[in-house]
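Here is the structure we will look at.
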Amino acid sequence: MRTVLYILTTMAVIGLAFWAYRENYATQAALADTRDLRQDIRAAHERLAVLRAEWAYLNRPDRLRDLVEINFNRLELLEMRSEQFGLVRQVAYPPDPILPITNPVDVIHIEDESSR
């Protein structure tokens, strides 16, 4: 009886060791994936910071003003002023749609001869 108990205990230890071995490698793979994802996120944040700096550089008001002056003859861009805009009451809104009749109701009640 003791030998069976020893064999079962040994098999259980071997099974647990195999399970622990697989879990160790699965954990290491998950940690490597996490490390790669964090590195990708860091690189994306750096690219985003560069793009924001470039956007701010390209949209400087003095630079845009100079570009408008250089290309005025070709583009004919003018400064925006309040008198260039219309009033809200001048906007032509589309008419309300006519909804289809889905459930007609018979309003005329005709009595048939059998009900009299």
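Only the coordinates and a few stated rules stand behind these numbers; no lab work does. In this text, all values refer to a predicted model and were calculated from it rather than measured experimentally. Neighbour counts run over all protein chains shown; Cβ positions are idealised from the backbone, glycine included.
Hey, with R₀ at 25 Å, roughly what FRET efficiency would R65 and F85 work out to, going by the Cβ-Cβ distance, to 0.05?
In this case the efficiency is close to 0.70.
In what sequence do Y93, Y6 fall when counting other Cβ within 10 Å, fewest first?
Ranking Y93, Y6 by Cβ neighbours within 10 Å, fewest first, gives Y93, Y6.
How far is it, in nm, from the label point at L58 to the one at Q39 when both lie 7 Å from their Cα along the line to the Cβ?
Label at L58, label at Q39, 3.0 nm between them.
For the chain, what mean projected area does the convex hull of the alpha carbons give, in nm²?
Computing the convex hull of the Cα atoms and averaging its projections yields 30.7 nm².
Per the helix-only calculation at 222 nm, which mean residue ellipticity applies to the chain, given -39500 (n - 2.57) for every DSSP H run of n ≥ 4 and division by its residues, nearest 500 deg cm²/dmol?
After summing the helix terms and dividing by residue count, I get -21500 deg cm²/dmol.
Whats the longest run of the chain with zero GluC sites (Glu not before Pro) that are DSSP loop and have at most 14 other Cβ atoms within 10 Å?
Longest site-free region, per DSSP loop and neighbour criteria: 1-75.
If only Cα atoms are counted, what is the Rg of the stretch 1-40, and what is its Dmax, in Å?
Here Rg and the maximum Cα pair distance are 17.3, 58 Å.
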